[in-house]
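The values are calculated or read from the model by the stated rules, or taken from the named source; none is laboratory data. Here the structure is a predicted model, which means the values were calculated and not measured. Cβ placement follows ideal geometry from the backbone for every residue including glycine, while neighbour counts extend to all protein chains displayed.
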Amino acid sequence: MSLSAIMGHAGLAGYAIAAMLIFIAVFASLMWRLWRMSRTGRLEEAGRLPLDDGRPAARAAAAGAGAPAREADASASMREEAR
Amino acid sequence: MSSRIEQFSYNDDVVRKFVMATLLWGVVGMLVGLIIALQLIWPSLSFDLPFLTFGRLRPLHTNAVIFAFVGNGMFAGVYYSAQRLLKARMFSDLLSGIHFWGWQLIIVSAALTLPFGFTQGKEYAELEWPIDIAIAVVWVVFAVNFFGTIAKRRERHLYVALWFYIATIITIAILHIFNNLWVIAGPLKSYSLYSGVQDAFMQWCYGHNAVAFFLTTPILGIMYYFLPKAAERPVFSYRLSILHFWTLVFMYIWAGPHHLHYTALPGWASTLGMIFSVMLWMPSWGGMINGLLTLRGAWHKVAEDPILKFFVVAVTFYGMSTFEGPLLSVKTVNALSHYTDWTVGHAHAGALGWNGFIAFGMLYWLAPRLFQTKGLYSKKLAELHFWVATVGILLYVVALYSAGVTQGLMWRAFDQTGRLLYPDFVETVLRLEPMYLVRALGGTLYLLGAVIGVWNILMTWRMRPAAYEVPVYEAPALTFEKERASGGLMSFGWHRVWEGKGLTFTVWVAVAVISASLFEIIPTFLIKSNVPTIASVKPYTPLELYGRDLYVAEGCHNCHSQMVRPFRAETLRYGEYSKPGEFVYDHPFQWSSRRIGPDLHREGEKRPGTSGALWHLEHFRDPARMTPGSIMPPYPWFESTPIDFAAIQKRVDAMALLGVPYGDAVNRAEEMAREQAARVATGIAEAGGPMNLGDKQVVALIAYLQRIGTDIKGSVADGQAVMTPRSRAEAR
């Protein structure tokens, strides 16, 4: 029996409903678990990544470790690039 | 464990280039959009020139705004944010350059081919095979550059914006390749590997997911990066962003069939598309809420900052469009909205409001940073741009919503005797003219806003220093010690590990996308009962095939559908509803998504014979004379442009390669085409038309139009001819 024949006899009346139920179950469990996660600190840290462009090299020594530069500090530049 | 400190700089040069390209193509794409909007009011604006007709310019507009404006804007945002989120310069400056110039070359190629009729005839996938290959190559270059940057990053965690970029790169590659499988039939001519129902399914899987993964996921990534930047606070909920990402990536893929409700697509696929479309509402609004709540405690800034205004309105339009999308996917709503301007209004609410405003917000934010000025040239001009464009969008979408609902209701309206209340299609067109005028006004305002924005950013660019500074940053090198997933499956330690491993994460995104696709694709292609065979359906003759190619080249599907839906209002107006088995030789399918003119699937039986041929001839010359009020442009060049008979054999051979049973035509296609052309031309002459049309394009088009939908005999009831206002009055 060909794959096409098998698929043809499978019947697809409940296909959409089954797909929906599977998805909702996965979605609900994902949401439930996500909101029970205890890694709040790490998530908050991850959420702040866009606000950290990196440490300008010139200030790095003075600022020490763990002092990310703000956007405005980025102009403390080293080299120039011809336009 | 201490790490070595590394110094690096970012490649902002490529970002600046993409910003400039975004501005240029944005104005071009919107201007073409305005021109075609005006052509719907004044068709003479095509000036009887082939390359200025609505059918040819509309794909130029859509391609320009999607792939040139949003595409370049997306690349600008990706290149800027990815480097900073990964604490690494792009993998290769050379690849960045190839990506930029390659993409611009593709855009120029599109601009040089689409107006001249080189098209595959599939929405948003019109570009012909050499350009398709170029797109694939440039996309691979982009992917190598992006993933190479991930590989050399100095930040372990992949921020959520990067997940959206990864999903974009993977999924667009898959969609582009599988929707553009073709057999080559000439230097700029190809036929889709798929036909009819399967081609429609693949095309709308592509079309829908191009919206999802080109116009939504990368823009969401940009939102998750630039909105916190502009608001100077982190995203409201990182948890919600995880949920947003995975549900969106998994569900979007399934929703494509909602573009084909009540067509010849199998019912199960249609239902599946609808259900997943409705469920899409959840993650989409999760994302919208996450975006808006990022501004918690910072709403006072919105009042003062035009950039935040752009972002807030963009996210609001995202929410509105992603509510409207599921609504339109509900079958009963779709029965009214499909083929009307409602869909066009919906698309533009997303394009102008969501994509356009995110792009402009991002460009305004980037401009002073990239051009290293103290600020924007003029904040007031940015405010003016915002308000002009916002009013423009509102006028635009309200006009098209009104037009769509009006049109849908008029098409299905019956009088007290059970007859169509508006049997002449043109009546519904004429009713829309005032709304088209308001739409054009809205579009003009939006374009005006864009021009103000371009001026403002260019003036900012003029304030740049003599030489750009290149800040140097430093960060510890990333050590790849093993991070074990803590806890069980449901502890989400595994997700934490994925987030840190670019390759693993990418593989799982690909698995999510591919598995969801296969759930629909396998049954669609394998179940024979999806497309019941109809013995009377035969391949097009060589001349009809050539005529069909002209139909495709002219972009007729931009205004005319070839799909009579199984509704009484449609079968009364057009004839028997369309069957899946009627399209098995249609490479590509031409069902269309819009009816600016009437459906043509039963045209062959409506206007048969020599009188029908003469009608078509005169209609091509001057549509408004044959159908008063028609907004179709004239096509006088069909009568003077010769048929390229020498090209026909190769096209028939290509179709035969696709499995179309051409029999004798494989050996003598040109001869057969000449014979049929002579017969059609003789018939036209006998009916009182001009002589000597036997080698002109018009006979090929007429041969095709008189063939469409005739394989099922009796598909148009007796007396179901096209009615003029006079004949309708007489019938009453």
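Miscellaneous remarks
- Region B:608-626: number of residues that are modelled with pLDDT of 95 or more and part of a loop (DSSP other than H, G, I, E, B): 1
- Scanning region B:172-185 for residues that are part of a loop (DSSP other than H, G, I, E, B) and crowded, with 22+ Cβ neighbours inside 10 Å yields a single hit, B:Asn180.
- The sole residue among B:Phe201, B:Phe236 that is out of contact with any strand residue (DSSP E or B) (no Cβ under 8 Å at 6 or more places or on another chain) and either farther than 17 Å from B:Phe311 by Cβ or basic (Lys, Arg) (or both) is B:Phe201.
- Region B:455-478 - residue that is over 9 Å from B:Phe371 (Cβ atoms), within 13 Å of another protein chain (Cβ to nearest Cβ) and touching a Phe, Trp or Tyr at 6+ places or on another chain (Cβ under 9 Å) and, of those, surrounded by the fewest Cβ atoms within 10 Å (Cβ to Cβ): B:Val470
- Identity of the residue in region B:41-87, surrounded by 21 or more Cβ atoms within 10 Å (Cβ to Cβ) and part of a loop (DSSP other than H, G, I, E, B), that ends up farthest from the other protein chains (Cβ to nearest Cβ): B:Thr53
- Residue in region B:190-203 that is farther than 22 Å from B:Ser277 by Cα, more than 14 Å from chain A (Cβ to nearest Cβ) and hydrophobic (A, V, I, L, M, F, W, C) present: yes
- Within region B:262-275, being crowded, with 20+ Cβ neighbours inside 10 Å and assigned to a loop (DSSP other than H, G, I, E, B) holds for B:Thr263, B:Ala264, B:Leu265, B:Pro266.
- Residue within region B:443-450 that is within 14 Å of chain A (Cβ to nearest Cβ), of a type in the set (Val, Ile, Thr), surrounded by fewer than 20 Cβ atoms within 10 Å (Cβ to Cβ) and under 30 Å from B:Val19 (Cβ atoms) present: no
- Hey, B:Leu49 free of Cβ contacts under 8 Å to residues at least 24 places away in the same chain and either farther than 25 Å from B:Leu366 by Cα or touching a Phe, Trp or Tyr at 6+ places or on another chain (Cβ under 9 Å) (or both) or not: yes
- The residues listed here are B:Leu327, B:Leu292; of these, the one that is over 20 Å from the mean Cα position of the chain (by Cα), part of a helix (DSSP H, G or I) and under 21 Å from B:Trp354 (Cα atoms) is B:Leu292.
- Residue within region B:569-580 that is assigned to a loop (DSSP other than H, G, I, E, B) and over 29 Å from the mean Cα position of the chain (by Cα) present: yes
- Residues within region B:214-261 that are closer than 24 Å to B:Trp139 by Cβ, assigned to a loop (DSSP other than H, G, I, E, B) and facing another protein chain (nearest Cβ under 7 Å), tallied: 0
- In region B:514-553, the residue that is farthest from the other protein chains (Cβ to nearest Cβ) out of those that are under 23 Å from the mean Cα position of the chain (by Cα), farther than 30 Å from B:Phe54 by Cβ and not acidic (Asp, Glu) is B:Ile514.
- The number of residues in region B:117-145 being touching a helix residue (DSSP H, G or I) at 6+ places or on another chain (Cβ under 6 Å), in contact (Cβ under 8 Å) with a residue 60 or more places away in the chain and not in a loop (DSSP other than H, G, I, E, B) comes to 1.
- A search for C-beta distances below 9 Å between a residue of region B:362-377 that is without any contact (Cβ under 8 Å) to a residue 12 or more places away in the chain and any residue that is crowded, with 24+ Cβ neighbours inside 10 Å and aromatic (Phe, Trp, Tyr), counting only pairs 6+ apart in sequence or on different chains, returns B:Arg369/B:Tyr80.
- Here B:Val140 passes the criteria (1) closer than 23 Å to B:Cys205 by Cα; (2) surrounded by 20 or more Cβ atoms within 10 Å (Cβ to Cβ) except the one numbered (2).
- Index of the failed condition, B:Lys301 passing every other in (1) assigned to a helix (DSSP H, G or I); (2) surrounded by fewer than 23 Cβ atoms within 10 Å (Cβ to Cβ); (3) facing another protein chain (nearest Cβ under 9 Å): (3)
- Residue within region B:160-171 that is outside any helix (DSSP H, G or I) and small (Gly, Ala, Ser) present: no
- Restricting attention to region B:501-549 and to residues that are β-branched (Val, Ile, Thr), assigned to a helix (DSSP H, G or I) and touching a residue at least 40 places away in the same chain (Cβ under 8 Å), the residue that is surrounded by the fewest Cβ atoms within 10 Å (Cβ to Cβ) turns out to be B:Ile514.
- Conditions (1) surrounded by 22 or more Cβ atoms within 10 Å (Cβ to Cβ); (2) modelled with pLDDT of 90 or more; (3) more than 8 Å from chain A (Cβ to nearest Cβ); (4) out of contact with any His (no Cβ under 6 Å at 6 or more places or on another chain): number failed by B:Val278: (1)
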